[in-house]
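Below: the structure, in structure tokens.
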Amino acid sequence: MKNAAFWFITIAILYAITGMTFGIGMGMKGDFTYADVHAHINLVGWVTLTLFGLIYRSYPQMAESRLTAVHFWVANAGALAMTTGIFFVIKMQFMPLVILGALLTLTSMIIFLVNFQRHRAA
């Protein structure tokens, strides 16, 4: 995938901005009902995607793999579904989206492991 590190980190920064804005909004209202959403936006969106990007930057042979594009889309779909899903669980006890998000996030990590093992520097 061309510019894998750039795209992972760019999306991660957008998650960081979203998570920070969400957290500031909760703080201003004094209502932390959605603290779990805020935490997962920052952890799964910002931290995890940033780490993926930095690792792809450190292992350019990994980034060139076709598996990297699959990983990018599965990781992004998982992060979005998981964070949105947690919101719906808190708001209306609706579980399917968070389950899908968790499974996609796990799948993205497995794809990342396979890609890393196939293309690591010897």
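Assess whether W73 counts as being aromatic (F, W, Y), free of Cβ contacts under 8 Å to residues at least 24 places away in the same chain and either surrounded by fewer than 17 Cβ atoms within 10 Å (Cβ to Cβ) or in a helix (DSSP H, G or I) (or both).
Judged against the criteria, W73 is a match.
Report the residue count in region 19-47 for those that are within 17 Å of F112 (Cβ to Cβ) and touching a helix residue (DSSP H, G or I) at 6+ places or on another chain (Cβ under 7 Å).
3
Which residue pairs have Cβ atoms closer than 6 Å, lie 6 or more positions apart in sequence or on different chains, and pair a first residue in region 1-24 that is open to solvent by 50 Å² or more (accessible area, probe 1.4 Å) with a second residue that is part of a helix (DSSP H, G or I)?
M1/T68; M1/A69; T18/I41; F22/H38
Only one residue in I110, I99, I86 is closer than 19 Å to I11 by Cβ and either in a helix (DSSP H, G or I) or modelled with pLDDT of 95 or more (or both), so which one is that?
I86
Restricting to region 27-55, and then to whatever is in a helix (DSSP H, G or I) and of a type in the set (S, T, Y), can you tell me which residue is nearest to V89 (Cα to Cα)?
Checking each candidate, the answer is T48.
Please work out if A102 is aliphatic (A, V, I, L, M), open to solvent by 20 Å² or more (accessible area, probe 1.4 Å) and within 12 Å of the chain's Cα centre (by Cα).
Yes.
Based on this model, can you work out whether Q117 counts as surrounded by fewer than 15 Cβ atoms within 10 Å (Cβ to Cβ) and under 27 Å from M1 (Cβ atoms)?
So Q117 passes the test.
Give me a count of the residues in region 56-68 that are assigned to a helix (DSSP H, G or I), open to solvent by less than 90 Å² (accessible area, probe 1.4 Å) and not aromatic (F, W, Y).
Qualifying residue count, region 56-68: 7.
Any chance you could count how many residues in region 1-26 are part of a loop (DSSP other than H, G, I, E, B) and within 16 Å of T84 (Cβ to Cβ)?
Number satisfying all stated conditions: 0.
The values are calculated or read from the model by the stated rules, or taken from the named source; none is laboratory data. Fair warning: this is a prediction, and the values are worked out from it, not measured in the lab. Please note: Cβ atoms are built from the backbone with ideal geometry, for glycine as well, and neighbour counts cover all protein chains shown. We work out accessible area using only protein heavy atoms, side chains counted, and drop any ligands, DNA or RNA first. Shrake-Rupley method; radii C 1.70, N 1.55, O 1.52, S 1.80 Å.
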